[in-house]
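Each value in this text was obtained by applying a stated rule to the coordinates, not by laboratory testing. Remember, predicted model here, so these are calculated numbers, not experimental data. For neighbour counting, all protein chains shown are included, and Cβ atoms are generated from backbone atoms with ideal geometry for every residue, glycine included.
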Number of protein chains: 2
Amino acid sequence: MQEIKIFCPATIANLSCGFDVMGVALDTIGDEMTVRKIAERKVEITKITGQDLPKEINKNVAGVAASAFLKKAKYCGGFEIEIHKKIKPGSGIGSSAASSAGVVWAMNELLNRPFSKKELVEFAMQGERLASNVAHADNVAPVIFGGFVLVRSYAPLDIVQLPTPKALYAVILHPQIEIKTADSRKILKSRIALEEGVKQWGNLGGLVAGLFKEDYELIGRSLEDHIIEPTRSILIPGFEEVKKKSLDAGALGCGISGSGPSIFALCQGIEMAQNVAGAMQKVYDKIGIDFEVHVSKLNAKGAKKLK
Amino acid sequence: MQEIKIFCPATIANLSCGFDVMGVALDTIGDEMTVRKIAERKVEITKITGQDLPKEINKNVAGVAASAFLKKAKYCGGFEIEIHKKIKPGSGIGSSAASSAGVVWAMNELLNRPFSKKELVEFAMQGERLASNVAHADNVAPVIFGGFVLVRSYAPLDIVQLPTPKALYAVILHPQIEIKTADSRKILKSRIALEEGVKQWGNLGGLVAGLFKEDYELIGRSLEDHIIEPTRSILIPGFEEVKKKSLDAGALGCGISGSGPSIFALCQGIEMAQNVAGAMQKVYDKIGIDFEVHVSKLNAKGAKKLK
């Protein structure tokens, strides 16, 4: 294979109770990317559409991730990359992760999979470091593994793939304001109350158990965040009302996607998801900030080849 | 049924990463108890063997739990209780929980199960409050539900039963010193670093996933505690060496059982468990404090009727 065209999914990280350790891939929201082999041992970004992003390798998350890959690959050629951004940077649904994880996934396919998925995550994390100063894995891992992913540990990196219950749908409300992950991390408190920690790990355990049991109500009850959400939600206009109306409309749970400003809800079935999307939209119609609402099935496969 | 004789298992709470939310029941360590119906609407403790404990209802954890049960039961009679303590109070393997959960489980059986398991946990928690000033559920829930149990939330109480992989064995080293749960809670810091919290909920997620996947190595990797163990282990002579030698001998993981002083290890298979027990024993032979070592299968059933 000389060339591959791929879909790299958007992702919801944190998922309320799983700050820095949980993420899930979406099915109908994501970037496209074409990667092709070239003779010279280098990485080149030849085209970017959809967003105004730098093509310099060391300033572009895909470039940084691709370079980390190439440095370790036993391959004497290089790669040329075309990126078609559909996920806006700073949206909170893993825009940088789609680029950095997508590109290394594509390169691995072109070379007949010399690297494990975990190694691909490690390359992609280099791109994440450029985007937010922290090499977090909770967006890139779901792009590469698909479905729900737990990052049990960062040192050493330990990634656990979790089941993706079939009836789960995500609703994303994306207010058209930008919150940089780096800024959104700065406002977090460095210390938390032990009793809030106990609630958080109880919920995370409940979420993981709910996914294995396909217990949608347990998943919903576990989507609580007493630690990050109270601080970060201040940056998101109308957050409390969107959340309340989403839950009233039947959402299993609702919270901040990644570091925001996007708000996610998980729903059982497409019908509930569409109701929740409508409820979110109504709130934002009144607020007067531009926004987009997406409904998406969850994506158990992750990045994939397009025909 | 007029009378029931039961086995009420010892339990390991916390399980390293699951402070206040996880527990598991043991199979061959536990108390025995006989509960019989009486005509008068009252609870009476008629006999206690094995330990010198108060028979006054409001000073005995089983009495308190039994009273909470009786108060809510539509039953015009009462109960007479005989307790045969085999688990020493202050051992860290759920001595009070065996009594308080065991008695309400037995009473429920005698009345043909008018209460749900969750309601029984709520009654038993009243006994736990007497023992440690905190109505925690991570010991009593495994006595009643059996196997591994997650207390997702305390308010409202939400208990999630988890799978119990068949090859798991526990080793318990019980140094014959007493640490009161209430004292052991006092030394804990009320605030923790966010980054330690992230590690903890990552591990808790890993432990829950490992139980569902029957992935013994993942279970082992997840048995880490960066929050409670560094503080509480100071109260346990030789803790670090016991832990190191247990892991060297093949234990999946090793930590403090409940609030200590008992140290637990989880092992895959009886052979590994016996090796670990031997390694623990060697360390304590040198220390010169009296101790007991137990090897037990895990108990997926919880409290049970004896013939």
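Listing for the model above:
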| read-out | value |
| --- | --- |
| Where Rh is the Kirkwood radius over Cα pairs, Rg/Rh for the protein assembly as shown | 1.04 |
| Principal axes of the stretch A:3-162: Cα extent on each, largest first, Å | 46, 32, 27 |
| Mean projection area, nm², convex hull over Cα of the stretch B:111-215 | 9.4 |
| Of the trypsin sites (Lys or Arg not before Pro) in the stretch B:182-287, those whose Cβ has at most 14 other Cβ within 10 Å and which sit in DSSP loop | B:Lys189 |
| The stretch B:3-162, relative contact order [Cα under 8 Å, separation at least 6], % | 28 |
| For the stretch B:123-242: relative contact order, % (alpha-carbon pairs under 8 angstrom, 6 or more apart) | 17 |
| Most mobile of A:Gly255, A:Gly288, A:Gly90 in a GNM of chain A (Cα contacts under 10 Å) | A:Gly288 |
| Among A:Ile83, A:Ile256, A:Ile187: highest mean-square fluctuation, GNM of chain A, C-alpha pairs under 10 Å | A:Ile187 |
| Hull shadow area, averaged, chain A [alpha-carbon convex hull, nm²] | 14.8 |
| Intensity falloff of the stretch A:13-75 expressed as log10 I(q)/I(0), Debye formula with alpha-carbon point scatterers, at q = 0.17, 0.18, 0.26, 0.29 Å⁻¹ | -0.81, -0.87, -1.11, -1.21 |
| Alpha carbon centroid spacing (whole Å) that separates the stretch A:235-307 from the stretch A:24-51 | 27 |
| Most mobile of A:Ser91, A:Ser184, A:Ser16 in a GNM of chain A (Cα contacts under 10 Å) | A:Ser184 |
| Difference of contour (0.36 nm per residue) and Cα-Cα distance, B:Glu240 to B:Asp290 | 16.2 nm |
| Spread of Cα-to-Cα distances over 10 Å intervals beginning at zero, given as percent, for the stretch B:205-301 | 15, 48, 32, 5, 0 |
| Helix-only [θ]222 nm of the protein assembly as shown, DSSP H runs n ≥ 4, -39500 (n - 2.57) each, per residue, nearest 500 | -11500 deg cm²/dmol |
| Relative contact order, percent, chain B [alpha-carbon distance under 8 Å, six or more residues apart] | 24 |
| Shape category assigned to the stretch B:149-194 from the gyration tensor of Cα positions, a/c cut at 1.5 | oblate |
| Summed residue charge, Cβ within 10 Å of B:Ala170's Cβ, Lys/Arg positive, Asp/Glu negative | 0 |
| FRET efficiency estimate (nearest 0.05) - Cβ-Cβ, A:Leu157 to B:Lys86, R0 35 angstrom | 0.20 |
| D (Stokes-Einstein, µm²/s), Kirkwood Cα radius, the stretch A:123-176, 1.002 mPa s at 20 °C | 169 |
| Built amide H within the under 5 Å cut-off of B:Ser16, gap 5+ | B:Ile256 |
| Kyte-Doolittle mean at least 0.0, axial Cα span of 15 Å or more - DSSP H helices of chain B | B:61-72, B:95-110, B:194-213 |
